[in-house]
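Engineer: Before I ask anything, here is the structure I am working with.
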Amino acid sequence: MTDPLVAFARRFGAPADREDAAELVEAVGGGEAPTDGFADALEATVADLDAEDEDHRRAAARTLYEVAGVAPGPVRERGVEFVDALDDPAARPYVAGALTTALGGRGPVESLVEDLRPAVRESPPSPAAVRYLSWIAKRWSRDAAAAESAVAAALTADDPVVREHATRFFAVAWEHHVAGREAAPALLDRTEDENPTTRANALTAVGHRVFEYREADETPLVDPAAVVAAAADHLDEGERVRFNAVAVLAESEHHVEGDGERYWPDYVDNDLASRVVGRLVECLDGESEALERLSGRALADAARGSPEALADHADALVGYAWVDDRPAQGWIRRAVRRASDARPAAFVPHADAFVERVRNDPDRDAITVVGNVAAADLDVVAEAVDPLVDRFTAPVRPSDRRPVGQALASFYRADPDSVPDWVGPLAAATEAEDRERRRLARRNPLQAVAETDPDAAATVLATACSRLDEPGAVSQTAVLSGVGDVDRRAVEPAVGSLVALVRDGDAGVAGHAVQSLHGLVRLDGARDLLEPARDPVDRRREEFEGRTRDRADDVVAAVDDPDEPDDAGDGGSGNGADIGPDGDRADGEDAGGAVGEDDSAGDGSGGTAADGRDDEHPTDDEQRTLRDWLPF
C-alpha cells in the first residue's frame, strides 16, 4: 500500500520515499517552492471526502492528516471546507487529527477568523463557518474573540446545527478571552434546547462564565442560582448532558472580592441544594470514574454550604468512602466529615464501624467523624478513647496528631471524665475567644496544652519521644521546637527519653532521636537543654549519614559553641520538618504552630494516616476540568 503522503506528493512531484515527500510537501505548502499542482492536489483530496466509497473517504481523510503534519497552513486555510466531514464515522478520526494538527501549527489565524465572520453573520449563518470557529476557539481563543459577537447572535439561529456549534464555541473558548457577556443569557436559554449536545455545551459555557472571579460590586452575567437549577434539571439526563451538568457544579469554586471563595451551594435555597445533592449521590454509582470524581468534588463543595443535605444520605456516603477503594473517596470523606459536624446524629448508626476503623486502620477523616459523633452520643463511640489517646501520645506526624486532638477535645466537651485530664487545656484552647489561640490548638495541640499546663504537655511529649523505637515512628522535631518555644520545662522530660534512645537504640532509632533533639538547637537555653545529650550524640556521630549526621553535628555544636550560627537547619523558626521512618520529610509544618491557617483548616482533612496522603490537595485527576473531557 502506497504511503498517503507519498501518493499526495506524486500528484505534483516525484518523491522517492516518504522523507522526500515530506520535504516536498513542506516546501511547496510553505511557499518555498513552485506551487503548481499543490493546491489542485489538496482540493482533490478535500473533494474525495464526499466520495461514495467509505474506504475512499477514509483514505482522503488520512491524507489530509498526513499533509497537515508537514504543511499545516494550507490545510488550516481550507478547514471550513472539510470540517463537516467530522460527521462521517469513516473519516472522523483522521479529520479531527488534521484539524487539531493544522490549528496547532505555527501561523496567524486572525485573517482566517476575519474571513469566517461574515459567513456567521449572514442569514442564515453558515453551519460550517460556526463549526470551524469553534475549533479555532479551542486552540486560539484570543484570536477567536474577534468573532464572539457574531457567534453570540448565532445562538438564537433557527438551525439547530448552528446553535450546537455556537454553544460549543463558548464551551471550549477560554472565558478570559471570550467573556460571553452578550451571550450569557442566550447560553442559559440554550440549556433547554431540543438538542442534548447543545444543552451540554451551553451548561459548560454558562457555568464557566458565571462561576468566575468577580469584583465586590460586579454583577454576575446571569443569576448563579439559575445556572445551578439548570444543572440540576439535567442530572438525570443522558450521559453527555449529565456529565457536563455535574462538571459545572464540581468546577463552581470562584473568588468574589470581599466574600472570599464561593461555591454553588452559596447561591441556592435548601430545597434546591437537597435535590442536587440527592442526584449527585446517585451519580456515585460507578457508571464512570470521571463522573464519580466530579460528583465527589461537587458533593465536597456542597458540604461547605449545605452539610445538612448530605447528612440525609449518610448511609450511601459512608459506604462509598470507607467500604471500597473508589475514585472520589477523598472528596466524599471530606464531605462526610463536614456533614457529621453539622448533624452528628445522622452518623450514630455507623459509630461501630468508625470506632473499629480508628482502632485498627485510622485515617484523619474517620477520627474527625468519631469526635463529631461523640457530641451527639458519647456512649456509642466511648471505646474510641483509648486508641485516640494512644495515637495522640505516639510519635506521629503533626498533621496526624491534629485531628486526634480535635476529637479528644470533643469527647471532653461531652464528658470531661471520659478522657485524661490533659485534654482539658486543649479543649479550652479549641473554644478560646482568641482566634490565634484556636488556630494554635488546631495546628499544634501539644503547644496549646503547654501554654496552660506545661506539666501535662511534658508528660505527653515524653511519652511520644520514648516511643520512637516503635515501627513507623516519626521524629518529633517540630513538636519539640514548638512546645519548647512556649515553656522549656515542658520539653525537659522528653530530652531524657531521647537521650536514652540515642544511648541504647539501634542506629535508626538513635537517628530519629537526634532528629528530634535538633528541634531544640535554636531555642533560648538550648545549651542547658541539650547538654545531657551532647556526649551520647557525639559518641554515635560516625554511625549517621546525610541529614542525620548534620543534625548530630548541630546538637553537639549547640553545647560546645552556643554562639555559633546554625547553618544546617531547613530555614524558619521551626528547625525543619519532622522526619519519617525512611528519613523523608514527614510534614512541612512550621513548628511555631499557628501559621496562616483559618479556623476551618487544619482539622484533620485528608487521606489515611498510614499512607500520608493529603486529600486537601486533590490529585491531578480530581482537578481535571471539563475541557479535558470534551469530545471532538
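The values are calculated or read from the model by the stated rules, or taken from the named source; none is laboratory data. What you are looking at is a predicted structure, and each value in this text was computed from that prediction instead of being measured. Note that each Cβ is placed from the backbone with ideal geometry, even for glycine, and that neighbours are counted across all protein chains shown. Side chains included, ligands, DNA and RNA excluded: accessible areas come from the protein's heavy atoms. Shrake-Rupley method; radii C 1.70, N 1.55, O 1.52, S 1.80 Å.
Engineer: On the given criteria, is GLY319 more than 29 Å from VAL423 (Cβ to Cβ), without any contact (Cβ under 8 Å) to a residue 12 or more places away in the chain and assigned to a helix (DSSP H, G or I)?
Structural biologist: Considered against the rule, which asks whether it is more than 29 Å from VAL423 (Cβ to Cβ), without any contact (Cβ under 8 Å) to a residue 12 or more places away in the chain and assigned to a helix (DSSP H, G or I), GLY319 comes out as yes.
Engineer: From ASP352, ASP363, grab the single residue that is in contact (Cβ under 8 Å) with a residue 40 or more places away in the chain and charged (D, E, K, R).
Structural biologist: Matching residue, one of ASP352, ASP363: ASP363.
Engineer: Right, another one. Could you check the range 63-108 and list, in sequence order, the residues that are outside any helix (DSSP H, G or I) and surrounded by fewer than 21 Cβ atoms within 10 Å (Cβ to Cβ)?
Structural biologist: ARG78, ASP88, PRO89, ALA90, GLY105, ARG106, GLY107, PRO108
Engineer: Please find, among ALA335, ALA346, the residue that is over 19 Å from GLU287 (Cα atoms), touching a Leu at 6+ places or on another chain (Cβ under 7 Å) and either of a type in the set (Gly, Ala, Ser) or part of a helix (DSSP H, G or I) (or both).
Structural biologist: Sole residue among the options that is over 19 Å from GLU287 (Cα atoms), touching a Leu at 6+ places or on another chain (Cβ under 7 Å) and either of a type in the set (Gly, Ala, Ser) or part of a helix (DSSP H, G or I) (or both): ALA335.
Matching residues to (1) part of a loop (DSSP other than H, G, I, E, B); (2) in contact with a His (Cβ under 8 Å, 6 or more places away or on another chain):
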{"site": "ARG142", "(1), (2)": "no, yes"}
{"site": "ALA157", "(1), (2)": "yes, no"}
{"site": "VAL161", "(1), (2)": "no, no"}
{"site": "ALA166", "(1), (2)": "no, no"}
{"site": "HIS177", "(1), (2)": "yes, no"}
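Engineer: For the list (1) over 33 Å from the mean Cα position of the chain (by Cα); (2) crowded, with 24+ Cβ neighbours inside 10 Å, I need the number of the one condition that ALA144 fails.
Structural biologist: Against the list (1) over 33 Å from the mean Cα position of the chain (by Cα); (2) crowded, with 24+ Cβ neighbours inside 10 Å, ALA144 comes up short only on (1).
Engineer: Here is a list: GLY278, GLY258. Which entry is small (Gly, Ala, Ser), without any contact (Cβ under 8 Å) to a residue 40 or more places away in the chain and either open to solvent by 40 Å² or more (accessible area, probe 1.4 Å) or assigned to a helix (DSSP H, G or I) (or both)?
Structural biologist: Step by step, each of GLY278, GLY258 is checked, and only GLY278 is small (Gly, Ala, Ser), without any contact (Cβ under 8 Å) to a residue 40 or more places away in the chain and either open to solvent by 40 Å² or more (accessible area, probe 1.4 Å) or assigned to a helix (DSSP H, G or I) (or both).
Engineer: Taking the condition buried (at least 24 other Cβ atoms within 10 Å of the Cβ), closer than 20 Å to ASP361 by Cβ and touching a Lys or Arg at 6+ places or on another chain (Cβ under 8 Å), does ALA394 pass?
Structural biologist: Considered against the rule, which asks whether it is buried (at least 24 other Cβ atoms within 10 Å of the Cβ), closer than 20 Å to ASP361 by Cβ and touching a Lys or Arg at 6+ places or on another chain (Cβ under 8 Å), ALA394 comes out as no.
Engineer: Given the options VAL80, VAL67, VAL75, name the one that is touching a residue at least 60 places away in the same chain (Cβ under 8 Å) and in the same structural domain as ALA41 (by the TED database).
Structural biologist: Of VAL80, VAL67, VAL75, the one residue that is touching a residue at least 60 places away in the same chain (Cβ under 8 Å) and in the same structural domain as ALA41 (by the TED database) is VAL67.
Engineer: Residue check: is GLY286 surrounded by fewer than 17 Cβ atoms within 10 Å (Cβ to Cβ), at pLDDT below 95 and either within 21 Å of ARG338 (Cα to Cα) or touching a helix residue (DSSP H, G or I) at 6+ places or on another chain (Cβ under 6 Å) (or both)?
Structural biologist: no
Engineer: Then there is this: With (1) modelled with pLDDT under 95; (2) open to solvent by less than 10 Å² (accessible area, probe 1.4 Å) as the list, and PHE411 as the residue in question, which single condition is left unmet?
Structural biologist: Only one criterion is unmet by PHE411, namely (1).
Engineer: Which ones in the range 368-386 are surrounded by fewer than 19 Cβ atoms within 10 Å (Cβ to Cβ) and within 30 Å of SER481 (Cα to Cα)?
Structural biologist: Passing the criteria: only ASP386.
Engineer: Quickly run through the range 444-462 and pick out the residues that are under 14 Å from VAL486 (Cα atoms), open to solvent by less than 50 Å² (accessible area, probe 1.4 Å) and in a helix (DSSP H, G or I).
Structural biologist: Within the range 444-462, PRO445, LEU446, GLN447, ALA448, VAL449, ALA450, PRO454, ALA456, ALA457, ALA458, LEU461 qualify.
Engineer: Moving to a separate point now. Count, please, the residues in the range 222-249 that happen to be open to solvent by less than 50 Å² (accessible area, probe 1.4 Å), free of Cβ contacts under 8 Å to residues at least 60 places away in the same chain and either within 16 Å of ALA205 (Cβ to Cβ) or part of a loop (DSSP other than H, G, I, E, B) (or both).
Structural biologist: Looking only at that region, the number is 15.
Engineer: Of all residues in the range 289-336, how many are open to solvent by 30 Å² or more (accessible area, probe 1.4 Å) and within 15 Å of the chain's Cα centre (by Cα)?
Structural biologist: Residues meeting the conditions: 3.
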